[in-house]
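See structure below.
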Amino acid sequence: MEWSVMTLRLPRAVAIPLAVHGAFFTLVIFGFLPREAVLYETIALILWAAWTNPRNSVVFFAASIPLFIAVPLTADFDNFNQWRVLALVIAVRWFLQTQSWRSVWSAIRAWIARPLAQPIASALVILAILSVVSIIPAQNDAAAIRRIVYFVNAFLVPWVAFFLARTDRPWRRTLMAGVSWSAVIIVVAAFVQLASTYMMDIYAFMRVWGEQIQFRQFGAFWSYIVVDLGNTWFAYYGAQLSLRVFSLFPDSHSFPLYLILALGPLIALSLAPITQRARDGASMRQLLRTRATLAVAWVPFALLAMILSGTRGIWAASLGLVVVLIAAGFRMRLIGVVPWRRRIWQYLGWIMVTYVLLFAVAWPIFVSPQFLLSKGDWGILGNRFRSIIDFGETSNSQRIAIWSSTVQSIAEHPIIGIGIGNFPTVLRQDVILAKAGSSAHNVWLHVAAELGVFALVAFAVLWIAALRSAWHLLMSGEGDEAVLGGWLVLAIPWAAAYLLTDAALFDERALLMFGIIIALVRAADPRTT
């Protein structure tokens, strides 16, 4: 069968601005344009978002998440990211439309009438209320208020995306294409970054990626943190050194989390011919011999990039997916799900088999002579695997100590926590170190410590409700949306388990993608529309 030429198509009104923005981003981060030009491009983006249809600006936003860059407003305030103001403009532009008022008011009335029927909305409302209440015990009120503003800002575009997507199925596909492009962008950047390790030593690498590229992306303070205070970019074993791929992200923890979420739309659109053959009654063997669209070529590269991030939590969390695959498959057969949906689920299982097999490709890359250094021990990847259960290993022992302190803080402040944005005080650190990664290294404990146990329950409800929507989408969705739901039935538990060892969700890029994916799956859920 011939390869389909179908691509991840975007409307011209989105594709052209995205291409221009991508070119501008590349010229800035490599120093061909001064950082001061970012301010003028941001003004241009604001004017464009205020003028164009919100459907175009939301898709552009989703595709551009990895490409948003810090605006150097002053010498002391150069980390204000473009997405912050663009999200506000998109939300205001959409809200000023007459039908938008009606949609919002209708949704509010429906929620008031039956709050339990809309668990995601209810969970978000409870988290918002508890966040405001948590200002009371916060040692640093300003940090708490800034954190609340940050979260509100981050959920503006997902909020708009939900209202647009729930009544417009063709546009949902366009939004999925936008998310897919963001995944393609960071995968390309990941392998460019990997290639750079064979062309320069570690000192040159830090100069290029820490002092130049990340400085231009995120500002002087972040550059100082990764260069002088520490980063997650390398795996060390004695004299051996390997890159932990982080692409265009600040660290190697948020990068794979973003990919776990963004891969859903990419896989769903890529498997369109396979989904159609499954619906026509093809067997599993026939599906495996059916060629998807050319866009599917990005999927194994994305899975390999996730492995090359060297994030042990991602590796360990993926082990539980075996149980999810078996349990969901058994459940589908038990309740008599139509065969083509079971075939799609089985096909997703084969994608996870591919993920496991790609560790064999990652192994020689890990042990290759990066940074112009030879490596005498080919067991570096095995050593990193074994370190997952080595509680005496530095990273693991530090995590355990942090978890212990966090649990103690939760016991002392169980109702409203110690204040949103104030977690460093649990470790007797300055609040400013939150930006340097001072967290509970467990998003569930982090939420409970800052906001209290009721917030933890609401946060868990949010994830469970998203998982239920993904399951209903797999069971009742049409075509590519059923595939999206199937992937998210895997991805949501994968991400939730990974976040037992990290708080990477609070990185702005990962949080934005999380919000958009939650909005997309909830809007597509047949029970919603």
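The values are calculated or read from the model by the stated rules, or taken from the named source; none is laboratory data. Note that this is a predicted model, so its numbers are computed, not measured. Here the Cβ positions follow ideal geometry from the backbone for every residue, glycine too, while neighbour counts run over all protein chains shown. Surface areas here come from the heavy atoms of the whole protein model, side chains and all, with no ligands, DNA or RNA. Shrake-Rupley method; radii C 1.70, N 1.55, O 1.52, S 1.80 Å.
Being in a loop (DSSP other than H, G, I, E, B) and at pLDDT 95 or above is the filter; apply it to region 452-499 and report the residue that is surrounded by the fewest Cβ atoms within 10 Å (Cβ to Cβ). Before the answer, list the steps.
Step one: of region 452-499, the residues in a loop (DSSP other than H, G, I, E, B) are 452, 477-479, 499.
After this cut, where a residue has to be at pLDDT 95 or above as well, the list is 452, 499.
On the way: Gly452: 22, Leu499: 25.
Within region 452-499, the match that is surrounded by the fewest Cβ atoms within 10 Å (Cβ to Cβ) is Gly452.
Tallying residues that are assigned to a helix (DSSP H, G or I), surrounded by fewer than 21 Cβ atoms within 10 Å (Cβ to Cβ) and out of contact with any strand residue (DSSP E or B) (no Cβ under 7 Å at 6 or more places or on another chain) within region 186-204 yields 7.
Residues Leu271, Leu263: which one is at pLDDT 95 or above, buried (at least 21 other Cβ atoms within 10 Å of the Cβ) and under 14 Å from Leu484 (Cβ atoms)? Answer to the selection: Leu263. Helices (runs of 4 or more DSSP H) fully within region 1-75 that include at least 3 residues being open to solvent by 70 Å² or more (accessible area, probe 1.4 Å) and not β-branched (Val, Ile, Thr): 37-51.
If only one of Ser439, Ser409 is out of contact with any Cys (no Cβ under 9 Å at 6 or more places or on another chain), assigned to a loop (DSSP other than H, G, I, E, B) and buried (at least 18 other Cβ atoms within 10 Å of the Cβ), which one is it?
Details: Ser409 fails: assigned to a loop (DSSP other than H, G, I, E, B).
Being out of contact with any Cys (no Cβ under 9 Å at 6 or more places or on another chain), assigned to a loop (DSSP other than H, G, I, E, B) and buried (at least 18 other Cβ atoms within 10 Å of the Cβ) holds for just one of Ser439, Ser409, which is Ser439.
Restricting to region 76-90, count the residues that are open to solvent by less than 10 Å² (accessible area, probe 1.4 Å), touching a residue at least 60 places away in the same chain (Cβ under 8 Å) and either at positive phi or not β-branched (Val, Ile, Thr) (or both). Adding up the residues that qualify gives 3. Just one of (1) touching a residue at least 24 places away in the same chain (Cβ under 8 Å); (2) among the β-branched types (Val, Ile, Thr); (3) within 24 Å of Leu512 (Cα to Cα) fails for Val132. It is (1). Restricting attention to region 332-356, the residues that are over 27 Å from Met306 (Cβ atoms) and without any contact (Cβ under 8 Å) to a residue 40 or more places away in the chain total 5. Note on region 369-406: residues that are assigned to a helix (DSSP H, G or I) and either charged (D, E, K, R) or modelled with pLDDT of 65 or more (or both) amount to 16.
Just checking, which of Leu116, Leu175, Leu127, Leu164 is among the aliphatic types (A, V, I, L, M), at pLDDT below 90 and in contact with a helix residue (DSSP H, G or I) (Cβ under 8 Å, 6 or more places away or on another chain)?
Working: Leu175 fails: at pLDDT below 90; Leu127 fails: at pLDDT below 90; Leu164 fails: at pLDDT below 90.
Testing whether each residue is among the aliphatic types (A, V, I, L, M), at pLDDT below 90 and in contact with a helix residue (DSSP H, G or I) (Cβ under 8 Å, 6 or more places away or on another chain) leaves just Leu116.
Does any residue of region 348-368 turn out to be farther than 30 Å from Met475 by Cβ, modelled with pLDDT of 90 or more and not hydrophobic (A, V, I, L, M, F, W, C)? No - not one qualifying residue is present in region 348-368.
If you check Leu175, Leu156, Leu164, which single one turns out to be open to solvent by 20 Å² or more (accessible area, probe 1.4 Å) and hydrophobic (A, V, I, L, M, F, W, C)?
Working: Leu175 fails: open to solvent by 20 Å² or more (accessible area, probe 1.4 Å); Leu164 fails: open to solvent by 20 Å² or more (accessible area, probe 1.4 Å).
Going through Leu175, Leu156, Leu164 in turn, the sole match is Leu156.
Can you pull out the residues in region 16-67 that are among the hydroxyl-bearing types (Ser, Thr, Tyr) and free of Cβ contacts under 8 Å to residues at least 60 places away in the same chain? Break it down into steps so the answer makes sense when it comes.
Restricting attention to region 16-67, the residues satisfying the condition of being among the hydroxyl-bearing types (Ser, Thr, Tyr) are 26, 40, 42, 52, 57, 64.
Of everything in region 16-67, those that are among the hydroxyl-bearing types (Ser, Thr, Tyr) and free of Cβ contacts under 8 Å to residues at least 60 places away in the same chain turn out to be Thr26, Tyr40, Thr42, Thr52, Ser57.
Restricting attention to region 130-139, does a residue exist that is open to solvent by 50 Å² or more (accessible area, probe 1.4 Å), more than 28 Å from the chain's Cα centre (by Cα) and under 21 Å from Phe506 (Cα atoms)? Checked region 130-139: at least one residue is open to solvent by 50 Å² or more (accessible area, probe 1.4 Å), more than 28 Å from the chain's Cα centre (by Cα) and under 21 Å from Phe506 (Cα atoms).
Tell me which residues, restricted to region 412-425, are open to solvent by 70 Å² or more (accessible area, probe 1.4 Å) and either closer than 20 Å to Arg147 by Cα or touching a His at 6+ places or on another chain (Cβ under 6 Å) (or both). Outline the logic, then answer.
We begin by selecting, within region 412-425, every residue open to solvent by 70 Å² or more (accessible area, probe 1.4 Å); these are 412-413, 415.
Answer for region 412-425, where residues must be open to solvent by 70 Å² or more (accessible area, probe 1.4 Å) and either closer than 20 Å to Arg147 by Cα or touching a His at 6+ places or on another chain (Cβ under 6 Å) (or both): His413, Ile415.
Would you say Ser223 is farther than 27 Å from Ala316 by Cβ, open to solvent by less than 20 Å² (accessible area, probe 1.4 Å), in a helix (DSSP H, G or I) and of a type in the set (S, T, N, Q)? Break it down into steps so the answer makes sense when it comes.
On the way: farther than 27 Å from Ala316 by Cβ: yes; open to solvent by less than 20 Å² (accessible area, probe 1.4 Å): yes; in a helix (DSSP H, G or I): yes; of a type in the set (S, T, N, Q): yes.
For Ser223, the condition - farther than 27 Å from Ala316 by Cβ, open to solvent by less than 20 Å² (accessible area, probe 1.4 Å), in a helix (DSSP H, G or I) and of a type in the set (S, T, N, Q) - is met.
Within region 501-522, one or more residues are in a helix (DSSP H, G or I), within 18 Å of the chain's Cα centre (by Cα) and of a type in the set (Asp, Glu).
From Ala292, Ala316, Ala278, Ala297, grab the single residue that is hydrophobic (A, V, I, L, M, F, W, C), in contact with a helix residue (DSSP H, G or I) (Cβ under 6 Å, 6 or more places away or on another chain) and surrounded by fewer than 17 Cβ atoms within 10 Å (Cβ to Cβ).
Details: Ala292 fails: surrounded by fewer than 17 Cβ atoms within 10 Å (Cβ to Cβ); Ala278 fails: surrounded by fewer than 17 Cβ atoms within 10 Å (Cβ to Cβ); Ala297 fails: in contact with a helix residue (DSSP H, G or I) (Cβ under 6 Å, 6 or more places away or on another chain).
Exactly one of Ala292, Ala316, Ala278, Ala297 is hydrophobic (A, V, I, L, M, F, W, C), in contact with a helix residue (DSSP H, G or I) (Cβ under 6 Å, 6 or more places away or on another chain) and surrounded by fewer than 17 Cβ atoms within 10 Å (Cβ to Cβ), namely Ala316.
Against the conditions (1) without any contact (Cβ under 8 Å) to a residue 12 or more places away in the chain; (2) at negative phi; (3) of a type outside the set (Asp, Glu), Leu321 satisfies every one except (1).
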